[in-house]
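None of the figures in this text is laboratory data; all of them are computed from the coordinates on show. Here the structure is a predicted model, which means the values were calculated and not measured. Cβ coordinates were reconstructed from backbone atoms using ideal geometry, including for glycine residues, and neighbour counts include every protein chain displayed.
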Amino acid sequence: MSDETILKVDDLKVWFDVKKQGAMPWVKARKLKAIDGVSFELKAGETLGIVGESGCGKSTLARAVMQMLPVEAGSVVWLGAELVGLDTRHMRSHRKEMQMIFQDPLASLNPRMTIGQIIAEPLKTHFPSLSGDEMKKRVQDVLDTVGILPNLVNRYPHEFSGGQCQRIGIARALVVDPQLIICDEPVSALDVSIQAQVINLLMDLQKETGVALIFIAHDLSVVKHISDRVMVLYLGNVMEIAPARALYAKPMHPYTEALIAAVPIPDPKREKAKQIMLLDQDLPSPLDPPSGCVFRTRCPIAERRCAEEKPLLRDTGEDHKVACHLR
Amino acid sequence: MTNISLNPQQPKTAAMAERMAEVSGRSLWADARTRFLRNKAAMVSLVVLILVALFAFFGQYLTPWDNETIDWNVLGNTKELGRPSLANGHYFGFGESGRDLYSRVVQGTQISLMVGVVGAAIAVIVGTIYGAVAGFVGGRVDSAMMRFVDIAMSIPYMFVLILLLVVFGRSIVMLFVGIGLTAWLDMSRIVRGQTLSIKNKEYIEAAVATGVPTFTIIRRHIVPNLLGVVAVYATLLVPSMILTESFISFLGLGVQEPLTSWGALISEGVKTMNYGMLWQLFFPLTFFVITIFAFFFIGDGLRDALDPKDR
């Protein structure tokens with residue numbers, strides 16, 4: 001890992017228009033604040049884990065960084081270039097530098113194409129001058145790298161298992177030598193044993209190629225295993241961002257505490273003795289988020305001030321940032 | 001975990017790969033083909049259809065008579081002299097105006113099949129592209145394109161077709177234009193619906209994330225995944241095109257002499273039904289019915305073969 005910052009996201013906001021079904025065209029749409037002011041940095045070769053419960057904006061954040069969604073405000077600076085507002089053609093030249101891996105391994109591969117064609121697609125898009133033989137060579141190399149026999153290039157996705165499909169997805173991301181791979185819950189759909197294989201493959205690849213990873217998951221132990229730093233999202237806001245070890249050892253935000261307390265311990269005795277910190281209520285609607293701190297409605301230690309003033313992300317030293325008035 | 005070959009000194013996969021030749025996979029199309037070949041009704045229909053097509057192309061060579069010469073001897077007394085007979089080579093007998101009915105049916109089969117296939121082809125090409133673009137681009141473009149389809153569909157097409165044929169003269173080209181104008185509307189709706197469901201699949205997202213241009217995505221990812229539905233609908237569209245043309249010809253507005261079609265021949269046959277010249281109705285009608293049945297069975301078979309889950 002070097003110290004060079006490759007990605008700098010600053011106060012990113014992604015809002016969706018929500019209209020009632022059959023509403024008149026002049027009715028003003030309500031804004032769903034899926035991402036509401038997220039800032040973070042990513043260094044070359046680093047792994048940033050993003051955790052949070054369902055609907056907190058993890059995937060939206062990933063797609064917004066990739067410029068696959070319209071961004072309301074904020075900036076995404078990639079290798080010194082601003083990506084927000086870039087036109088399709090200029091954006092395309094950056095797309096080979098950042099690739100993505102998806103949650104459902106089989107659904108992310110076109111069933112009508114052979115895996116050779118699937119993996120060659122980014123090459124065809126970004127290096128159209130490559131000859132057929134060079135392309136084939138490159139595809140077979142990546143397949144070998146991810147541990148799939150290169151002579152299977154003419155097979156179709158449905159002939160592979162879930163874990164193999166995810167490897168093929170990784171091969172597709174790797175084929176253009178990206179500097180960042182965004183992994184959107186790459187192991188949630190896999191068996192536990194296969195999860196380990198895929199995660200270790202990703203870590204080995206990172207060691208080999210120095211690619212940076214943004215790793216989205218809701219499984220905290222997986223994130224702990226792979227990440228250098230972890231970011232905790234809640235309702236489109238960053239709650240806490242810290243080096244993985246520090247975050248798990250000494251969580252500062254009450255929400256992070258609750259999340260970590262909810263991780264099951266694979267030891268029945270300790271699991272029974274564990275104090276569970278339950279949060280009441282459900283996630284509030286992002287259409288109508290609470291005033292002040294978005295977490296205050298479920299926070300065990302909320303005070304009056306939390307409803308009035310939105311806490312800013314504040315550095316508490318050693319790269320540990322937290323958005324809470326009280327910690 | 002250890003079998004992941006990251007470094008080249010793991011010879012296992014590499015050496016194995018060299019020993020094994022490239023394996024070819026079974027595509028979804030190959031699977032569908034196997035299922036289709038197992039469907040007896042569809043296979044019989046396919047054979048029947050091939051025979052009908054061969055009849056259209058080569059049927060003329062099996063008879064010494066052509067479809068133009070009028071036999072003046074028969075003309076006055078078709079009922080007695082114009083019966084089907086193997087002996088004199090008029091296998092299907094004579095038609096109303098003293099011409100060999102066999103040759104006329106060959107000619108009618110050519111025209112009817114052409115109308116069916118060309119009409120369906122126009123519908124498939126225009127409808128698929130239109131629907132896929134509307135569905136994939138979405139938003140206002142989609143609304144505008146589909147509202148246009150709605151408006152076009154609300155006009156009774158038979159009325160438009162008849163008007164076209166009356167105003168611009170009755171010709172086969174005009175018939176194609178008229179059928180082509182309306183046939184793609186349904187197709188574009190079906191394709192748009194399918195595109196909407198395919199559009200949200202992750203492999204489309206993967207292609208977008210990679211930076212594949214929009215029209216390449218439509219061509220490479222959307223259309224191949226649509227083709228199953230399109231193929232089924234197209235096989236069902238061919239008989240409906242033939243039916244439309246026959247109906248128009250039956251009314252006397254469609255194909256004009258000296259050309260003919262199944263609809264025109266059936267229409268002539270119906271006129272002489274009461275005088276006991278049933279063969280003039282029987283032969284064109286038989287071809288018409290078995291062809292339409294064959295297309296429907298093939299369409300059914302294709303649907304079962306392409307979406308095994310939907311059965």
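Let me spell out the model: positive unit charges on the Cβ of Lys and Arg, negative unit charges on the Cβ of Asp and Glu, origin at the Cα centre of the protein assembly as shown. What dipole size does that give, in debye rounded to 20?
In debye, rounded to 20, the protein assembly as shown gives about 660.
Be a star and scan region A:275-301 for residues whose amide nitrogen sits under 14 Å from the point 7 Å along the Cα-to-Cβ vector of A:Arg30.
So the set is A:284-290.
Within a 10 angstrom radius of each residue's Cβ in A:140-149, how many Cβ atoms of other chains show up on average? Whole number is fine.
On the way: counts 3, 0, 0, 2, 7, 5, 3, 7, 4, 7.
Shielding by partners across A:140-149 averages 4.
Could you grab the relative contact order for region A:36-94? Cα pairs under 8 Å, six or more apart, rounded to a whole percent.
17
Separation of region A:145-168 and region A:33-58 by C-alpha centroid, Å?
Region A:145-168 and region A:33-58 have Cα centres separated by 30 Å.
Would you order A:Cys165, A:Cys299 from fewest to most other beta-carbon atoms within 10 Å of each residue's own beta-carbon?
A:Cys299, A:Cys165
For the protein assembly as shown, just run the numbers: alpha carbon Rg, then divide by 2.2 N^0.38 Å, N being how many residues it has. Show your work: numbers first, answer last.
Numbers: Rg = 33.5 Å, N = 638, 2.2 N^0.38 = 25.6 Å.
For the protein assembly as shown, the normalised Cα radius of gyration comes out at 1.31.
Obtain the nm distance between the two label points defined at A:Asp177 and B:Thr214 by a simple spin-label model: each point lies 7 Å from its Cα along the Cα-to-C-beta direction.
Roughly 3.3 nm, to one decimal.
Taking the Cα-to-Cβ direction at A:Glu134 and at A:Ser221 and moving 7 Å from each Cα, how far apart do the two end points lie in nm?
Inter-label distance under the simple model: 4.7 nm.
Do the alpha carbons of any pairs in A:Lys31/A:Lys310; A:Lys43/A:Lys207; A:Lys19/B:Lys199; A:Lys58/A:Lys136; A:Lys137/B:Lys201 sit beyond 24 Å of each other, and which pairs?
Violating the 24 Å limit, Cα to Cα: A:Lys58/A:Lys136; A:Lys137/B:Lys201.
Give me, ordered by chain and number, the residues 5 or more places off B:Ser85 or on other chains with an amide H under 5 Å from its own placed amide H.
HN-HN under 5 Å from B:Ser85: B:His90, B:Tyr91, B:Phe92, B:Gly93.
Provide the FRET efficiency to the nearest 0.05 for the B:Lys271-B:Ile70 pair, computing r from the beta carbons and using R0 = 25 Å.
0.90
Just need the relative contact order of region A:75-176 here, percent rounded to a whole number, with Cα pairs under 8 Å and 6+ apart.
36
Toward the positive end of the charge dipole of the protein assembly as shown, about the Cα centre and with charges on Cβ (Lys, Arg +1; Asp, Glu -1), which of A:Tyr248, A:Gly163, B:Gly139 goes farthest?
Sorting the options by dipole projection puts first A:Tyr248.
Can you pull the one-decimal nm distance between simple spin-label points at A:Asp315 and B:Leu285, each 7 Å off the Cα toward Cβ?
Once both label points are built, they end up 9.2 nm from each other.
Can you run phi through the Karplus equation (6.51, -1.76, 1.60; θ = phi - 60°) for region A:32-44 and list ³J(HN,Hα) in whole Hz, with x for Gly and Pro?
Per-residue couplings from phi come out as 9, 8, 6, 10, 10, x, 9, 10, 6, 10, 9, 9, 4 Hz.
Note the angle between two axes, namely the Cα long axis of helix A:192-209 and the longest principal axis of the Cα atoms of chain A, as a number of degrees from 0 to 90, rounded to the nearest 10.
The angle comes out at about 70 degrees.
Run through the DSSP bridge list for the protein assembly as shown and note the antiparallel percent, rounded to the nearest 5.
Roughly 60 percent of the beta bridges in the protein assembly as shown run antiparallel, per DSSP.
Sequence gap at least 6, Cα distance under 8 Å: using those rules, report the relative contact order of region B:228-281 to the nearest whole percent.
So the answer I get is 23 percent.
For A:Asp191 and A:Val263, FRET efficiency with R0 = 25 Å and r from the beta-carbon atoms, rounded to 0.05?
0.85
Using r as the Cβ-Cβ distance of A:Val18 and B:Leu28, and R0 as 35 Å, what FRET efficiency do you calculate, to the nearest 0.05?
Once the sixth-power term is evaluated, E becomes 0.40.
Among B:Met158, A:Met100, B:Met277, which comes first, second and so on when ranked by fewest other beta-carbon atoms within 10 Å?
By the 10 Å Cβ count, ascending: B:Met158, B:Met277, A:Met100.
Give the order of B:Ser154, B:Ser246 when sorted by the count of other beta carbons within 10 angstrom, beginning with the fewest.
On the way: B:Ser154 7, B:Ser246 26.
By the 10 Å Cβ count, ascending, the order reads B:Ser154, B:Ser246.
Does chain B classify as rounded, prolate or oblate by the C-alpha gyration tensor (a ≥ b ≥ c root eigenvalues; a/c under 1.5 gives rounded; else a/b over b/c gives prolate, otherwise oblate)? Walk me through the numbers on the way to the answer.
Details: a/c = 3.54, a/b = 1.82, b/c = 1.94.
Because a/c hits 1.5 or more and a/b fails to exceed b/c, chain B counts as oblate.
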